[in-house]
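Report on the following structure.
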Amino acid sequence: MQSPVDPPHSPPALTFEPMPRDQLRGVEKLSVPLIERISRTRWLKTGVHAVIGTLDSWFIRFITGKLWEVHGLEHTRIAAEHGVILVSNHRSFFDMYICCSMLHFRSRLARRLFFPVRSGFFYDKLLGLLLNMGISGGSMWPPVFRDEERRPLNRLGLRQMAAVLGPGALIGIHPEGKRGKGPDPYTLLPARAGLGRLVAECHPETVVLPYFTLGMGNSFTHEVRRNFKKAGTRGEPVRIRFAAAIRAGDLQELGDAQAMTDAVMDVIHALGQEDKAAREADPRMA
């Protein structure tokens with residue numbers, strides 16, 4: 001993919017519209033404005049990530065890095081002046097943690113991270129706010145509201161995400177919405193249209209970067225223990241397979257949000273089939 005370049009008549013910069021304060025409740029009246037302020041202020045968000053994000057990335061690489069196996073890293077060596085939407089299958093709680101930690105060291109795409117999260121706990125509980133700030137530097141944003149009367153606010157959340165995208169900004173999305181738990185790890189769950197709705201709000205030169213990952217379990221202590229075993233005894237590696245980046249404008253031509261989402265998921269499914277073929281030929285998988 002060529003380096004994205006603004007077309008002669010590129011869309012105007014997107015403006016950031018705050019969540020309406022009169023629709024916030026309890027702890028949300030503190031948590032939502034606080035994380036919004038960090039997220040929309042580029043220098044502040046970059047500074048927070050430079051401290052907390054760097055520490056997190058070093059820690060995750062130290063305790064899992066020997067398990068990493070990355071394919072298609074050349075697809076991450078791109079200009080992304082209007083930000084990146086990182087999209088993957090969802091098999092483990094730690095899928096995005098591992099990939100973003102790897103990108104922190106091997107690219108400049110991840111300098112400000114954003115991960116939409118359900119508003120319950122992380123925004124309506126004080127402990128959730130403290131964990132969001134202490135563990136991720138406020139990266140679990142924007143909140144996704146599940147109560148029926150406030151679901152329309154989630155469309156505003158999409159516009160907020162589109163507005164904060166820029167150089168070094170990365171939004172992590174799992175279109176499946178929940179972890180796949182079936183016996184076949186290569187069977188993806190039906191994808192939701194949220195990714196397509198986000199792409200529709202973005203600058204056409206925003207980059208969508210699909211990847212497929214497998215090998216990371218849901219027991220963190222088990223993964224850490226095997227990371228420190230001798231080479232050849234660690235078992236299945238944690239594979240990350242990138243595809244070529246997709247220009248948001250090319251997806252926008254499909255018109256329909258679900259069609260945009262499905263087009264990206266088709267790429268991720270193809271990566272999964274590549275991984276399956278490689279796995280069947282790998283003695284470490286026996």
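Rule-based calculations on the coordinates, nothing more; no lab input. Given the structure is predicted, the values throughout are model-derived calculations rather than measurements. So basically every Cβ, Gly included, is an ideal-geometry build from the backbone, and we count neighbours across all protein chains shown.
What the table shows:
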{"item": "Near pairs, Cβ below 6 angstrom, 6+ apart or cross-chain, from the range 235-247 (in contact (Cβ under 8 Å) with a residue 24 or more places away in the chain and buried (at least 18 other Cβ atoms within 10 Å of the Cβ)) to any residue that is assigned to a strand (DSSP E or B) and among the hydrophobic types (A, V, I, L, M, F, W, C)", "result": "238/68; 239/214; 240/70; 241/212; 245/207; 245/209; 246/208"}
{"item": "Candidate set from the range 106-119 (those that are surrounded by fewer than 22 Cβ atoms within 10 Å (Cβ to Cβ) and in contact with a strand residue (DSSP E or B) (Cβ under 9 Å, 6 or more places away or on another chain)); member that is farthest from residue 207 (Cα to Cα)", "result": "118"}
{"item": "Conditions (1) assigned to a strand (DSSP E or B); (2) of a type in the set (A, V, I, L, M, F, W, C); (3) in contact with a His (Cβ under 9 Å, 6 or more places away or on another chain); number of the one not met by residue 189", "result": "(1)"}
{"item": "Members of the range 219-241 found to be within 15 Å of residue 98 (Cβ to Cβ) and over 26 Å from the mean Cα position of the chain (by Cα), listed by number", "result": "234"}
{"item": "Tally of residues being surrounded by 13 or more Cβ atoms within 10 Å (Cβ to Cβ) and outside any helix (DSSP H, G or I) across the range 249-281", "result": "1"}
{"item": "Selection from the range 242-259 of residues that are under 17 Å from the mean Cα position of the chain (by Cα), more than 30 Å from residue 66 (Cα to Cα) and aliphatic (A, V, I, L, M)", "result": "248"}
{"item": "Any hit, the range 101-117, residues being more than 13 Å from the chain's Cα centre (by Cα) and at positive phi", "result": "no"}
